[in-house]
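Q: Sharing a structure below in structure tokens format, with a few things to ask.
The values are calculated or read from the model by the stated rules, or taken from the named source; none is laboratory data. Predicted model only: the values in this text are computed from it and were never measured. Positions of Cβ are generated from backbone atoms using ideal geometry, with glycine treated the same way; all protein chains shown enter the neighbour counts. Just the protein is used for accessible areas: all its heavy atoms, side chains included, with ligands, DNA and RNA removed. Shrake-Rupley method; radii C 1.70, N 1.55, O 1.52, S 1.80 Å.
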Amino acid sequence: MKLREHPLMICGGIRNWPPLWVWVGGEKNERPRGEVGVLIRVEPSVIEFKRLFLTIQYNDSEYMGWLSFDDAAFCREIYNLLKGFYRHSILEIGELDMSRALE
């Protein structure tokens, strides 16, 4: 099962992958959508323990998105997984085989 299809990649009945991207700086805001860019940072929220913030680089700009989860333990697992995928494409991360990734 791919990360994007995992049944716990959800919050309030809504799929959380891929995140919506918000421009945070760089050349210009290209309003990217979907599985674009390269992961450069992942941080847990200091306020909401079931939320992660992802930062990507896309065409000389940076964008931030977030993943909110219903399951706090799964959120921590995804955080630990994504820390090992800096400089990997968001598309590649969405394709991860979760049966192997969380072993």
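Q: Based on DSSP H runs of at least 4 residues, each adding -39500 (n - 2.57), what is the mean residue ellipticity at 222 nm of the chain after dividing by all its residues, to the nearest 500 deg cm²/dmol? Don't skip to the end; give the middle numbers.
A: Working: 3 runs with 21 residues, N = 103.
It comes out at -5000 deg cm²/dmol, rounded to the nearest 500.
Q: Given labels modelled 7 Å from the Cα in the Cβ direction, how far is it in nm from residue 20 to residue 76?
A: 2.9 nm
Q: Here is a follow-up. Give the cross-link partners of residue 83 among the lysines, using a straight C-alpha distance below 17 Å as the criterion and excluding same-chain residues fewer than 8 apart.
A: Answer for residue 83, where 17 Å is the Cα cut-off: 50, listed by chain and number.
Q: Please arrange 33, 51, 15, 76 by accessible surface area, largest first, computed with a 1.4 Å probe and ligands excluded.
A: Working: 33 200, 51 80, 15 105, 76 135 Å².
The ordering from most to least exposed comes out as 33, 76, 15, 51.
Q: I would also like to ask the following. Does anyone have the angle between helix 72-83 and the longest principal axis of the chain? Alpha-carbon axes, 0 to 90°, nearest 10?
A: Roughly 50 degrees, rounded to the nearest 10.
Q: Towards the positive end of the charge dipole of the chain, with charges on Cβ (+1 Lys, Arg; -1 Asp, Glu), say which of 78, 39, 26 has the farthest Cα.
A: Toward the positive end, the furthest listed residue is 26.
Q: Related question: Roughly how many Å² is the accessible area per residue of the chain, as a whole number, for a 1.4 Å probe? Please list the in-between numbers first.
A: Numbers: 6090 Å² over 103 residues.
Per-residue value: 59 Å².
Q: So, with a 1.4 angstrom probe, what is the percent of accessible area on the chain that is carbon and sulfur? Display every interim value, and only then the final one.
A: On the way: 3190 of 6090 Å².
So the carbon and sulfur contribution to the accessible surface is 52 percent.
Q: For Cα extents along the principal axes in Å, one of [x] 38, 29, 22; [y] 40, 32, 22; [z] 38, 22, 21 was computed from the structure I shared and the rest are decoys. Which label?
A: [x]
Q: Report the local net charge at residue 15: Lys and Arg +1, Asp and Glu -1, summed over other residues whose C-beta lies under 13 Å from its C-beta.
A: Net charge around residue 15: -1.
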